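Let me begin by presenting the structure, written as structure tokens, before commenting on it.
The values are calculated or read from the model by the stated rules, or taken from the named source; none is laboratory data. Please read these numbers as outputs of a predicted model, since none were measured by experiment. Cβ atoms come from the backbone with ideal geometry, glycine included; neighbour counts cover every protein chain shown. Just so you know, the surface numbers come from the protein's heavy atoms only, side chains and all, with ligands and any DNA or RNA stripped out. Shrake-Rupley method; radii C 1.70, N 1.55, O 1.52, S 1.80 Å.
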Amino acid sequence: MLHLLYFINFQQIFCHEINSEPIYYDTLGLFPTVTEMIIEHGYPVETHEVQTMDGYLLNMHRIPNGINRTTEFTTHKPVAFLQHGLLSSSEDWVVLGPERALAYLLADEGYDVWMGNARGNTHSRRHVSLSPESEDFWNFSWHEIAMFDLPAMIDYVLKHTGQKKLHYIGFSQGTTCLLVMLSLKPKYNNVIITAHALAPVAYMSNLRSPLIRAFAPFISPSNNLEYLLGTNEFTPSNLLMQLGGHLLCKATSPFQEVCANVIFLIGGFDSEQLNRTLLPTILTYTPAGASTKQLIHYGQLYNSGYFRQYDYGTSRNSVKYRKQTPPIYPLRSITAPIALYYSENDWLATIADVKKLRVKLKNVIGKYLVPLPKFNHLDFIWAKDARSLLYNKVLHIMNSAIDKFHEY
């Protein structure tokens, strides 16, 4: 979820458009795009653009088939839709490489893999009329991502593939947005074959990360964190950021352990599962940009103990919601089958908070505790052994569910 809060106050990203795909200025040639990474590993890849109802232009990346088994492209392949966490992008699903990263595993297993990118990240920084230099562009939280971005992307994927249903896999904020969408837009429950919530974030009262808890006292309608962090983008990604992550965190750098320890302070310590050789690559693409309002909204969940909409203060709440407090998301209205995956050492999605979420949901098809006590929040996407500890379980549930549906 809250990736790498120490990257703050750099310049806006430099990019231009070619065929709707953001291309980032990198005169040194150090940093391949996500499509170049996928192609380098021998997988096919496509980029698709979709427009939301409120005008944001989002890029999705698709791996239509794998390379390790007979998975020729057909219109009847089951769809797997992957949604990243806060300050992340589709790179998270491929950065571990073939035979380890979830996107490649799904493609090799015979799935048509689509990776979404929420508004404001490095792949979705366009709007039909707003500039990312303006405050209006960044006036959104993960609530808007759930209400506009996810429906637009899912609708596009289903229409493009001709499928009626899909599998959804979300990490951290990707789970938050799923819960919001399914609770407030009930028709989307009917298009989910299985939903997989990796490190699900809804209730946050038991959050343990000291870096995140340090922000909590500044988050209130009367003492808004926006004054401290700015009203626009939080941790923008640019070439300077990429160079910093690449050079400061490589194996020969004396700062590599500093990079690792900052990550641990956010999501929990698990030194054995962090591939330090891969660390410069990870920090080349993360953080990928997000709005300050997304961070504040999560802080409000921690302070209030509720899973509810954005708190604008009593007077503005009365105008927007017609009540003085934000509405609570109606989780009991969710009917889609959801599997929850959590770990003991996750400082952001703690066992106690996941158990509270489990009670609120009425169609949980599985609750899986990762069998490694040190497994932390970011291990769900970056762990060396994520395949054996986690992804094989996800694949098993998905493959078992396919037999129940005759669309395929």
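Here the alpha carbons of segment 136-177 define both size measures, Rg and Dmax, at 12.0, 35 Å. Out of every Cα-Cα pair in segment 40-187, what percent are more than 26 Å apart? That tail contains 23 percent of the Cα-Cα pairs. Across Glu49, Glu133, the residue with the most accessible area heads the list, and the full order at a 1.4 Å probe is Glu133, Glu49. Across all Cα pairs in segment 279-408, the calculated P(r) in 5 Å bins from zero up to the longest distance comes to 2, 8, 13, 15, 17, 17, 13, 8, 5, 2, 0 percent per bin. Peptides 334-346, 316-328 ordered by packing proxy, namely the average of other Cβ atoms within 10 Å per residue, highest first: 334-346, 316-328. Ordered from largest to smallest accessible area (heavy atoms of protein chains, 1.4 Å probe), the residues Ser172, Ser205, Ser304 come out as Ser205, Ser304, Ser172. Checking the cross-link pairs Lys360/Lys384; Lys320/Lys362; Lys293/Lys320; Lys367/Lys393; Lys165/Lys187 against a 21 Å limit on the alpha carbon distance flags Lys360/Lys384; Lys320/Lys362 as lying beyond it.
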